[in-house]
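Have a look at the structure below, then the notes.
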Amino acid sequence: MDLQQFDIPRYLANLPLFQEIAPPDLERLASGCRLRKLGRGESVFTVGMPCEEFHVTVTGQVKLFALSPAGQEKVIELAGPGVSFAEALMFTGKPYIINAQALSESIVLSVGKAAVVREIEDDPRFAMRMLAGISRRLHGLVHDVQAYSLHNGMQRVIGYLLHQENPAAAGSASAALKVSLPVSKATIASRLSITPEYFSRVLHELESAGLITVDKREIHIPDTARLASHCA
């Protein structure tokens, strides 16, 4: 993708956060954006850097993670295409408290705080849309805490696989599904707060039970309802 030819206003218009903004306002907002092409392993930001913008993954995958004092990594979120992150932190005036790193070749759009504040001042409805997006992220984090507290590792893995379900399969009580793991099994295991070894063991147990078939990063689920009822 040629970054020089990338139409930032048009891309912004397709994001839920900006869909109701008029074209002239999108052009103005785009002037406060920057576009970056990142190689695998490159940082979007690290702990301690000033947070003066929020970000959207245009292509690729971005990993949001924290490191313990001992250097152990905990994946907080995997941000794929169209997913934004760091919106709430941008308004605190504090530096980043987590790290963001490209897991593959990625393009990331960063939206400057000054441009966002200008839009909020011009249109209070924009602030409501930002609050809605932040609320959805908070709801997701609360859901994660509940899952870690109330569900065992097997249930977390099953929940993860079924949440990759596509819209066509979602309307069926029982349907076949193919899941392509977007990142390594170790990264997904960290996201689910389990060890990579345990994640692999759960996949093996599910495969032995005839609930899934594993082919490298492709996981075939012949019956989603049967998998959902396992360990329910």
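Cβ-Cβ under 8 Å, sequence separation 6+ or interchain: first residue in segment 66-77 and touching a residue at least 12 places away in the same chain (Cβ under 8 Å) and farther than 15 Å from Ala102 by Cα, partner of a type in the set (Val, Ile, Thr) and open to solvent by 40 Å² or more (accessible area, probe 1.4 Å). Which pairs?
Leu67/Val47
Please state which of the following conditions Pro182 fails to meet, knowing it meets all the rest: (1) at pLDDT 75 or above; (2) under 15 Å from the mean Cα position of the chain (by Cα); (3) within 19 Å of Thr195 (Cα to Cα); (4) assigned to a helix (DSSP H, G or I).
It fails just one condition, (4).
From the list Phe45, Phe54, Phe85, exactly one residue is within 21 Å of Ser190 (Cβ to Cβ), crowded, with 17+ Cβ neighbours inside 10 Å and at pLDDT below 95. Which is it?
Phe85
Of the residues Arg28, Arg36, which is more than 23 Å from Leu192 (Cα to Cα) and open to solvent by less than 50 Å² (accessible area, probe 1.4 Å)?
Every option except Arg36 fails the conditions.
Given the conditions (1) surrounded by 19 or more Cβ atoms within 10 Å (Cβ to Cβ); (2) within 21 Å of the chain's Cα centre (by Cα), which single one is not true for Asn14?
Status for Asn14: all satisfied but (1).
Can we say Tyr160 is in a helix (DSSP H, G or I) and of a type in the set (Phe, Trp, Tyr)?
So Tyr160 fits the description; yes.
The values are calculated or read from the model by the stated rules, or taken from the named source; none is laboratory data. The shown structure was predicted, so the numbers you read here are calculated from the model rather than taken from an experiment. All Cβ positions, even for glycine, are placed from backbone atoms using ideal geometry, and neighbour counts span all protein chains on display. Only protein heavy atoms, including side chains, enter the accessible area calculation; ligands, DNA and RNA are left aside. Shrake-Rupley method; radii C 1.70, N 1.55, O 1.52, S 1.80 Å.
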